[in-house]
Amino acid sequence: MINLSNIHKSYQMGSNSLHVLKGIDLKIEQGEFVSIMGSSGSGKSTLLNILGILDNYDEGTYHLDGKLVKDMSEKKAARLRNEMLGFVFQSFNLISFKNAMENVALPLYYQGVGRKKRNKIALEYLDKMGLLEWANHMPNEMSGGQKQRVAIARSLISKPKIIFADEPTGALDSSTSYEVMEILKEINAEGITMILVTHEHDIAAMTQKIIRLNDGVIAEVIKNGELENWKDQFSKKDKLEIA
Ligand code: ADP
Ligand code: MG
């Protein structure tokens, strides 16, 4: 599903360059629930943005569903995102002047679905999140956990194959965080690949595979609680480059 080879990414700031990702090799299979862990500034969001085709990389290759994602036009990237990717963010990214139903329906608006139909489908997704009664409420009338459930419903409405969640529990208290993680687990159990960024160990521990980033490289991969010899999945030549 996702195949990264030797991905590098630097940010240019005036005459300075910050080398953030320093050769990332990564495979994620369909249906996995993966977390990307690492301290603040280790490059987690940078990696997630590349995976979600929200940003470009400088070097290496990224294959998504067998297709090379490189220097894609914004139009083509947007189409691919609409077709197969969903996003959930720490700060929910809801539109403040639209109610819950309209927020959930937004991806269908961009797909050209008429108002009546998209609102009906949005209500179904809100219902799945236990928020049917909140359909007409504005984001500022809802709790953090409710807002994140609205954002999750919005990410699901275009039937993505992969959901990217950048610190989805970062703004929530721990019991609400666990509720949101349970929802993400249920969605994953229906076959949607889930890729989550977090710096919280207890959140990462709720996923099947933890990829730990350190200073722009993958320091270790822990699968079902066991340290994985992840470098073995790459060819000998690649291994030498990693080492
Ligand atoms: P994390 O999500 O792990 O906290 P990020 O991927 O957001 O880390 O950032 C990694 C490093 O890149 C940080 O030092 C950050 O300041 C820097 N950075 C992130 N985005 C940009 C940008 N758009 N321009 C310049 N520097 C950036
Ligand atoms: Mg981040």
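Laboratory data are not the source of any read-out in this text; all were calculated from the coordinates shown. Remember, it's a predicted structure, so these values are computed and weren't measured experimentally. Using ideal geometry, Cβ is built from the backbone for each residue, glycine included, and neighbour counts are taken over all protein chains shown.
Measuring nothing but how far apart in sequence close Cα pairs (under 8 Å, 6+ apart) lie, relative to its length, region 11-150 scores a relative contact order of 17 percent.
Summary value for the chain: 27 percent relative contact order, contacts being C-alpha pairs under 8 angstrom separated by 6+ residues. Per-residue ellipticity at 222 nm computed for the chain from its helices equals -10500 deg cm²/dmol, with DSSP H segments shorter than 4 residues left out and the rest contributing -39,500 (n - 2.57). Ratio of Rg to Rh for region 23-139: 1.02 [Cα atoms; Kirkwood radius as inverse mean 1/r over pairs].
The DSSP beta bridges internal to the chain are antiparallel in roughly 60% of cases. Along region 99-112 the Karplus relation, 6.51 cos²θ - 1.76 cosθ + 1.60 evaluated at θ = phi - 60°, assigns HN-Hα couplings of 6, 4, 4, 5, 4, 5, 6, 3, x, 6, 4, 5, 8, x Hz to successive residues, with x for each Gly and Pro. Please work out the Cα center distance from region 187-207 to region 48-100, rounded to the nearest Å. The distance from the Cα centre of region 187-207 to that of region 48-100 comes to 18 Å.
The packing ranking of peptides 176-183, 217-224, highest mean first, is 176-183, 217-224, where packing means the average number of other beta carbon atoms within 10 angstrom of each residue. Scalar couplings 3J(HN,Hα) for region 92-97, obtained by applying the Karplus form with A = 6.51, B = -1.76, C = 1.60 to θ = phi - 60°, are 6, 6, 8, 8, 5, 9 Hz; x denotes Gly and Pro. Once the C-beta distance of Lys67 and Met13 is scaled by a Förster radius of 35 Å, the resulting FRET efficiency is 0.65 to the nearest 0.05. For Gly86, the residues whose amide H sits under 5 Å from its own are Ile162, Ile163, Phe164, ignoring neighbours fewer than 5 places away on the same chain, with H placed 1.01 Å from N. A DSSP coil position with no more than 15 other Cβ atoms inside 10 Å describes the following GluC sites (Glu not before Pro) in region 1-67: Glu29. With 22 Å as the limit, the listed pairs Lys22/Lys76; Lys75/Lys120; Lys185/Lys209; Lys75/Lys161; Lys9/Lys67 have Lys22/Lys76; Lys75/Lys120 beyond it between alpha carbons. 3J(HN,Hα) along region 64-72: 10, 6, x, 9, 6, 9, 8, 6, 6 Hz, from the Karplus curve 6.51 cos²θ - 1.76 cosθ + 1.60 with θ = phi - 60°, whole Hz, x for Gly and Pro. Shown is the FRET efficiency for Asn136 and Glu200, computed with R0 = 45 Å from the Cβ-Cβ distance and rounded to the nearest 0.05: 0.85. For the residues Leu94, Leu18, Leu132, a GNM of the chain with alpha-carbon springs under 10 Å puts the largest fluctuation on Leu18.
When the alpha carbon gyration tensor of the chain is reduced to an equivalent ellipsoid, its three semi-axes come out at 32, 20, 17 angstrom, largest first.
Annotation: amide H-H contacts under 5 Å for Ile36 (H modelled 1.01 Å from N, sequence separation of 5 or more, or interchain): Leu196, Val197, Thr198, Ile211.
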